[in-house]
Amino acid sequence: MRYNIHTFGLDYQHLNNENDSQSIIRINYAYFRYIFYYGAGIGVSGLYNISNKDIGIAPKIGGSMFLGITMLNYYYRYNIVLNNVNNSYHETVFSISINIQIK
């Protein structure tokens, strides 16, 4: 059983660093190819850091497990900050998503 899933999302992220905290809003797109309940794919997100006004994009690659209405996700992404390249960074993300199908 093979199938494809295109995912669009809106995320809010709050980061706590050693001396700083940041709030980030993301708009995501991901394309995953699944075999039974396990999948792998690629995606991209646009980001806006509310705390320091950074704007950027973040390509990502990772895996996912589809559990009906929820998904467990693991991916690596590199955040490319367009208005200040020195603020670019990478991160590994574990997340749980709730799926809402739109037809």
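Scan region 1-33 for residues that are farther than 16 Å from S97 by Cα, surrounded by 11 or more Cβ atoms within 10 Å (Cβ to Cβ) and touching a Ser or Thr at 6+ places or on another chain (Cβ under 9 Å) and jot them down.
L15, Q22, S23, I24
Could we say that G41 is within 18 Å of Q101 (Cβ to Cβ), under 13 Å from the mean Cα position of the chain (by Cα) and either touching a residue at least 60 places away in the same chain (Cβ under 8 Å) or not in a strand (DSSP E or B) (or both) here?
Answer is no for this residue.
What are the pairs, 6+ residues apart or on separate chains, where a residue within region 1-19 that is modelled with pLDDT of 85 or more has its Cβ under 7 Å from a residue that is among the β-branched types (V, I, T)?
Once the first residue is modelled with pLDDT of 85 or more and sits in region 1-19, its partners that are among the β-branched types (V, I, T) give L10/I27; Y12/I25; Q13/I24.
The values are calculated or read from the model by the stated rules, or taken from the named source; none is laboratory data. Model, not experiment: these values are computed from the prediction. So basically every Cβ, Gly included, is an ideal-geometry build from the backbone, and we count neighbours across all protein chains shown.
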